[in-house]
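Below is one structure, written out as structure tokens; the observations come after it.
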């Protein structure tokens, strides 16, 4: 428990900043919604003029961009991108920290099993991501309620809950990818270039494929079809299974590699 | 049961050698020296003992248990590595409290006492500490839970001579209270001063395991001679003589073997001066580690 609390404490400051970034992104975009809803046709024409790839990258669907859930899927694309950077950063850094900072001799000679150590570290990241998303969900919920009140159109709140849960799912998948990539390095000197490269690389792959193509499984950003979730108010089971498999892959790899790994002096 | 038991331990790093077929044990209450040059395999052995690295073959146990399989055994172990690194954003006291939290006992008074002994400011940030002060943090965090076994890997690097003395007094006190100590070093004076037994390691292999007293008794002696007239070179060929060097009418050499035979040999020479110096560990060390030298 002490290790878990220590890890949570060490991530707290950055988690507050990330939560603020996610909330600010949602706030900035959603204040535009009232204007877009008022002049829907003009905005649809503007978005329709964009190449399809750009529309995909921006998460825009022309038909629904003027409805609040449709507009929110676009907002969520950017929020998810930011949330993915937070999660990937945590994934790349959490187990590589000791070899990078030379603190392995301190931590790994304490009377804690490596299994317990990995569990505490992964648990700490999970708590931080859950807390970040909880703050975001409350704040975005308030902003969405305000946007609905001003536009006069009320949507099923379950849609927004499910859409926000895809943020957590993508974060967990990217965390898992970050973990797995960090395990490939004996000593990872710099976290940010790796995590940013991973996020933007996979985001770009996602932008180039449609959600109905098999290639979408290459990018965690495309596992969940936000428009289908909005339409059916439910997750697709294949998306959930694939997400769980990807998360499990990184987590299992983290345990297997860390339990076997030799820890060297910096 | 030995506190430390190493049996046929081999560790390879790919094709590179770590340690080869190493065996020794350390008994309860003992201060055991572990000597070897850089790269000999001392840290590899210690890191295997602590479960930081896994053996290729053989075993390394603490209190009869492998630390990697039974990490609980590390509750009774204090470890001071040669280089210490800590979370630089933390204050010294917070780091020490965090370290203490792993041992499920109140170490507050002990931390204060050790910090006073070592003149360590607990309120400073790790980031602001000099290398020597960081080392002091390492000493406190290694001893704060009053471990039954203290493992020291090149412990005095970075400490000034006065602090080294304080440190060894601390270790001697812990030993007096019953703690077993494994002291790995290439600074032989500290091993000579502290240890009852010593293991010499060379190229990953154990080359000698002796009581300090036996090691010194059986080791080479440095003999210096002044001759009346020319140096008697016949002595150079006497059994047990090595490193023969002549400077004018003076000669010096290392001698290993029965001292009476040496005296008989010397009796044939006409000398102006004779000195037989008890070797210190430095000389024993050099003898063992000179490339090509053998036992």
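The values are calculated or read from the model by the stated rules, or taken from the named source; none is laboratory data. The structure displayed is predicted, hence computed values, not measured ones. No Cβ is skipped: glycine too gets one built from the backbone with ideal geometry, and neighbour counts run over all protein chains shown.
Worth pointing out:
- Annotation: of all residues in the range A:93-123 being more than 11 Å from chain B (Cβ to nearest Cβ) and surrounded by fewer than 20 Cβ atoms within 10 Å (Cβ to Cβ), the one that is nearest to residue B:85 (Cα to Cα) is A:120.
- Residue list for the range B:63-102, restricted to those being in a helix (DSSP H, G or I), more than 7 Å from chain A (Cβ to nearest Cβ) and touching a strand residue (DSSP E or B) at 6+ places or on another chain (Cβ under 9 Å): B:73, B:76, B:92
- Residue count for the range B:212-228, restricted to those that are assigned to a strand (DSSP E or B) and modelled with pLDDT under 90: 2
- All positions within the range B:37-62 that are at pLDDT below 95, in a helix (DSSP H, G or I) and either closer than 20 Å to residue B:132 by Cβ or more than 10 Å from every other protein chain (Cβ to nearest Cβ) (or both): B:42
- Considering the conditions (1) under 30 Å from residue B:149 (Cβ atoms); (2) within 15 Å of the chain's Cα centre (by Cα), residue A:115 is excluded by exactly one of them, (2).
- Considering A:70, A:59, the condition of being modelled with pLDDT of 80 or more and surrounded by 13 or more Cβ atoms within 10 Å (Cβ to Cβ) is satisfied by A:70 alone.
- Index of the failed condition, residue B:83 passing every other in (1) under 30 Å from residue B:125 (Cβ atoms); (2) surrounded by fewer than 23 Cβ atoms within 10 Å (Cβ to Cβ); (3) more than 16 Å from the chain's Cα centre (by Cα): (3)
- Among the residues of the range A:99-118, those that are closer than 14 Å to residue B:74 by Cα and part of a loop (DSSP other than H, G, I, E, B) comprise A:108, A:109, A:110, A:111, A:112, A:113.
- Pair list, Cβ < 6 Å and 6+ apart or interchain, from the range B:228-246 residues that are in the same structural domain as residue B:267 (by TED's automatic domain parsing) to residues that are in a loop (DSSP other than H, G, I, E, B) and surrounded by 15 or more Cβ atoms within 10 Å (Cβ to Cβ): B:232/B:269; B:240/B:256; B:246/B:231
- Residue match in the range B:116-136 (condition: within 22 Å of the chain's Cα centre (by Cα), within 14 Å of chain A (Cβ to nearest Cβ) and surrounded by fewer than 22 Cβ atoms within 10 Å (Cβ to Cβ)): yes
- Counted residues, the range B:101-114 - those being in contact (Cβ under 8 Å) with a residue 12 or more places away in the chain and either buried (at least 20 other Cβ atoms within 10 Å of the Cβ) or out of contact with any helix residue (DSSP H, G or I) (no Cβ under 9 Å at 6 or more places or on another chain) (or both): 4
- Taken together, B:159, B:182, B:200 contain a single residue that is under 29 Å from residue B:18 (Cβ atoms), part of a strand (DSSP E or B) and more than 14 Å from chain A (Cβ to nearest Cβ), which is B:200.
- Leading residue by the ranking (nearest to the other protein chains (Cβ to nearest Cβ)) among those in the range B:25-36 that are assigned to a strand (DSSP E or B) and touching a helix residue (DSSP H, G or I) at 6+ places or on another chain (Cβ under 9 Å): B:34
- Residue pairs whose Cβ atoms lie under 6 Å apart, sitting 6 or more positions apart in sequence or on different chains, and linking a residue in the range B:139-166 that is in the same structural domain as residue B:77 (by TED's automatic domain parsing) to a partner that is surrounded by fewer than 19 Cβ atoms within 10 Å (Cβ to Cβ) and in a loop (DSSP other than H, G, I, E, B), are B:145/B:103.
- Scanning the range B:262-295 for residues that are at pLDDT 85 or above, part of a helix (DSSP H, G or I) and touching a strand residue (DSSP E or B) at 6+ places or on another chain (Cβ under 9 Å) yields a count of 3.
- Unique match (being surrounded by fewer than 19 Cβ atoms within 10 Å (Cβ to Cβ) and more than 19 Å from residue A:26 (Cβ to Cβ)) among A:179, A:142, A:202, A:208: A:208
- The set of residues in the range A:7-46 being farther than 17 Å from residue A:135 by Cβ and in contact with a helix residue (DSSP H, G or I) (Cβ under 6 Å, 6 or more places away or on another chain) consists of A:7, A:29, A:33, A:34, A:36, A:37, A:43, A:44.
- Test: residue in the range B:180-201 that is more than 30 Å from residue B:82 (Cβ to Cβ), surrounded by fewer than 15 Cβ atoms within 10 Å (Cβ to Cβ) and at pLDDT below 90: no
- Across the range A:218-266, the qualifying residues are those that are within 14 Å of another protein chain (Cβ to nearest Cβ) and not in a loop (DSSP other than H, G, I, E, B), and the one among them that is farthest from residue A:170 (Cα to Cα) is A:260.
- Filtered by the rule that a residue be over 16 Å from residue A:254 (Cα atoms) and touching a residue at least 12 places away in the same chain (Cβ under 8 Å), the range A:179-203 gives A:189, A:191, A:192, A:194, A:195, A:196, A:198, A:199, A:202, A:203.
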